[in-house]
Amino acid sequence: MSKLMNNMMGNLMGKMIKLFLGSVLLTLSLFGAAHAAGGDISGAVVKQPLNISAIIMFLIFVLATLGITWWAASKTKTKDDFYAAGGGITPWQNGTAIAGDFMSAATFLGITGAIYGFGFDAMILAVGVMAAWPVILFMMAERIRNLGSYTFIDVVSYRLDKKPIRIISAIGSLSVVIFYLIAQMVGAGKLIQLLFGLDYVYAVILVSFLMICYVSFGGMLATTWVQLIKAVLLLIGGTFIAFMVMKSFNFNVEAILSSAVDIHPKGAAILGPGLWLKDPIAIISIALTMMFGIMGLPHILMRLFTVKDAKDARKSVFVATTLMGYFYILIIIIGFGAVTFVMNNPDYHDAAGNILGGGNMVALHLTQYMGGDFMLGFMSAVAFATILAVVAGLTLAGAATIAHDLYSKTFKKGTVSSAEEIKISRIATFALGGIAVVLGIAFEHQNVAFVASMALAVAASVNFPILIMSIYWSNMTTRGAIAGGVVGLILSIGLIILGPGVWVSVLGNAEPIFPQFYPTFYSMPLAFIAIWVFSLLDKSAQAEKEKALFDEQLVRSETGIGISGASNH
Amino acid sequence: MSPTETEKCLNHPKFKELTRARNRFGLVFSLIIAVGYAVYVLGMSFAPGFMSQSFGGGSMTYGIVIGVLVIISGMVCSGIYTWWANRYFDVLSGELRKELGHE
């Protein structure tokens, strides 16, 4: 256990950097900002000795959140409570929870590691997020709140033929949830192995067990509080580390960068493009995936229904955007600052010169340097809490899609009682928890970077086009929406399989058939074109009916007239 | 909502004012963000030399400045939109609902 990574080849500095970059590239690149723990996927994980302060703080977090779950369970009586916390969350709480739902351990550990390794190029993972959220606020949040009740699928099915549109959107939604869950579970297992010295299998089971507790007993209310508390802890920790970095340089940003350039083997190249993303299509593809993938994430969109009206949805997204913008600026400071304090520090490297625990540990090494073992324990516990908050949000979104969109609305045509729907949701939660464990274990030794990229790519190529067109384009018909969804789904998943992420890394072929990691550059525009063409070609009577309903939808989306009341919607 | 009610709302001057103003507002702000992001992404793609150039003579580069500006403008525009919507759109929307007999 103490002999860290003795199986790794240790050579010169250059080789070590290459290895490091390789592992970070595969994890982070593709984990994107939104993704999980991003454990070091290339097999460099070795269990760490027990970190007592981390375990104590983690236990406090678990006890507190289980206490909240117990309280939330007593307040969760109807399906409104279960899916949307009865619409009774305040904008501040919801905004903080949205930030907690979205910022995964990859934001803190992953992007920090990527900026440490690649410098400027990795900043796109932060900038892309901040390009998405304001647009969600300006164009989507209020209208989504006015049109739906629990999931974004309510919105897209508002005036279209309920059965087919719910099925195709549910496939999109569940694909995102499951791909995202796999990435989270594998990342979580490896991270916990690293931080707490727990076996991978137990780590995965523990995460799944806690997530099932939160979601199945406490529903949206418990999930909200887990996300909220974790967001606050993450912000406190990030602020502390960034402040200490700034203080070490007398609050001179220029000095942080100059020092990083002096120490980093790539020198001044880390402050400009080119170390990670090599060609324009790769850059534009990841830029599109980040920005539009976020706009199609079911677990994020679901949070918009937890507040009482469109006004509160707007305020929530504003709070979330501000908190995330602040945190991403901290991350940039932390990432460049880490170069100075971690890169040449023998305490954080093994005898061969490899960084202890792999690239994702950079942020935690810096934490240890700045705040000692206590802060390290705190941030490790926060990293674990982060994973739990994100998987809980995902599982709840998946359970809502299965129980509400598929079971109740599609197959039983809305005849299901509230109690029965909650029961189905709980069964779905257990099932998703089980699937997460099985897939988490199955993928332990796989390169899962592609799984995470699939989640965002499917969100950008299936969910987002259908959602935005259903809100704004009066001529979209069911046929058009289905065509767009199918094209987006097949292209996004198909091109990833033919690309370097699966065709080369997983299947072992020499050359990818599709050269790019992210398919979004092609799959998203083609999904839009399919929606457009098939809607215009659709001359059916059903299509006319759907177009005629747009006026009513427009009135509701703009004014909120007709939305169900605050706490009893 | 009945078709006549929908019709009534659609033709209401306040509805027109509200949707026109809000759509324009949302679109302009979205464009600001999109253009900023496009400059950053296209700069990375097609003008890496410019993005690596020193900003102000030191280590700071144009690329980093533009990236951080996109983040900050996202926060600022969100703030302005929310502030304005709370003060203007919500009042208008409230009046509209009252005049249409809801609430």
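The values are calculated or read from the model by the stated rules, or taken from the named source; none is laboratory data. In this text, all values refer to a predicted model and were calculated from it rather than measured experimentally. Glycine gets a Cβ as well: all are built from the backbone with ideal geometry, and neighbour counts include every protein chain shown. SASA here: full protein model, heavy atoms, side chains in, ligands and nucleic acids out. Shrake-Rupley method; radii C 1.70, N 1.55, O 1.52, S 1.80 Å.
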Those helices (runs of 4 or more DSSP H) completely within the range A:65-161 that have 3 or more residues that are within 13 Å of chain B (Cβ to nearest Cβ) and closer than 26 Å to A:Gln553 by Cβ are A:124-135, A:141-147
Among helices (runs of 4 or more DSSP H) completely within the range B:42-103, the ones holding 2 or more residues that are of a type in the set (Val, Ile, Thr) are B:62-84
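Would you call B:Ser52 without any contact (Cβ under 8 Å) to a residue 12 or more places away in the chain, among the small types (Gly, Ala, Ser) and within 8 Å of another protein chain (Cβ to nearest Cβ)?
On the way: without any contact (Cβ under 8 Å) to a residue 12 or more places away in the chain: yes; among the small types (Gly, Ala, Ser): yes; within 8 Å of another protein chain (Cβ to nearest Cβ): yes.
Against the criterion (without any contact (Cβ under 8 Å) to a residue 12 or more places away in the chain, among the small types (Gly, Ala, Ser) and within 8 Å of another protein chain (Cβ to nearest Cβ)), B:Ser52 qualifies.
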Reported set for the range A:90-116 where residues are open to solvent by less than 10 Å² (accessible area, probe 1.4 Å) and hydrophobic (A, V, I, L, M, F, W, C) is A:Ala97, A:Ile98, A:Ala99, A:Phe102, A:Met103, A:Ala105, A:Ala106, A:Phe108, A:Leu109, A:Ile111, A:Ala114, A:Ile115
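With the structure loaded, tell me whether A:Ser248 is open to solvent by 10 Å² or more (accessible area, probe 1.4 Å), among the polar types (S, T, N, Q) and free of Cβ contacts under 8 Å to residues at least 40 places away in the same chain or whether it fails that test. Talk me through it step by step, then tell me what you get.
On the way: open to solvent by 10 Å² or more (accessible area, probe 1.4 Å): yes; among the polar types (S, T, N, Q): yes; free of Cβ contacts under 8 Å to residues at least 40 places away in the same chain: no.
For A:Ser248, the condition - open to solvent by 10 Å² or more (accessible area, probe 1.4 Å), among the polar types (S, T, N, Q) and free of Cβ contacts under 8 Å to residues at least 40 places away in the same chain - is not met.
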Matching residues in the range A:299-341 (open to solvent by 20 Å² or more (accessible area, probe 1.4 Å) and assigned to a helix (DSSP H, G or I)) number 10
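Checking the conditions here, which among B:Val76, B:Val91, B:Val70 is under 23 Å from A:Phe138 (Cα atoms) and surrounded by 21 or more Cβ atoms within 10 Å (Cβ to Cβ)? Walk me through it before giving the result.
Values: B:Val76 fails: surrounded by 21 or more Cβ atoms within 10 Å (Cβ to Cβ); B:Val91 fails: surrounded by 21 or more Cβ atoms within 10 Å (Cβ to Cβ).
Being under 23 Å from A:Phe138 (Cα atoms) and surrounded by 21 or more Cβ atoms within 10 Å (Cβ to Cβ) holds for just one of B:Val76, B:Val91, B:Val70, which is B:Val70.
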Within the range A:277-294, residues surrounded by fewer than 22 Cβ atoms within 10 Å (Cβ to Cβ) and more than 9 Å from chain B (Cβ to nearest Cβ) come out as A:Lys278
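Each row is one residue, and each column tells you yes or no for (1) in contact with a strand residue (DSSP E or B) (Cβ under 9 Å, 6 or more places away or on another chain); (2) within 30 Å of A:Ser216 (Cβ to Cβ); (3) charged (D, E, K, R); (4) open to solvent by less than 60 Å² (accessible area, probe 1.4 Å).
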{"position": "A:Leu489", "(1), (2), (3), (4)": "no, yes, no, yes"}
{"position": "A:Gly494", "(1), (2), (3), (4)": "no, no, no, yes"}
{"position": "A:Pro515", "(1), (2), (3), (4)": "no, no, no, no"}
{"position": "A:Ala527", "(1), (2), (3), (4)": "no, no, no, yes"}
{"position": "A:Ala543", "(1), (2), (3), (4)": "no, no, no, yes"}
Within the range A:545-565, restricting to residues that are closer than 13 Å to A:Met476 by Cβ and open to solvent by less than 10 Å² (accessible area, probe 1.4 Å), the one that is nearest to the other protein chains (Cβ to nearest Cβ) is A:Gln553
Residue hits (the range A:52-71; open to solvent by less than 20 Å² (accessible area, probe 1.4 Å) and more than 23 Å from the chain's Cα centre (by Cα)) are A:Ala54
Those residues of the range A:260-276 that are surrounded by fewer than 21 Cβ atoms within 10 Å (Cβ to Cβ) and either of a type outside the set (Asp, Glu) or touching a residue at least 40 places away in the same chain (Cβ under 8 Å) (or both) come to a total of 9
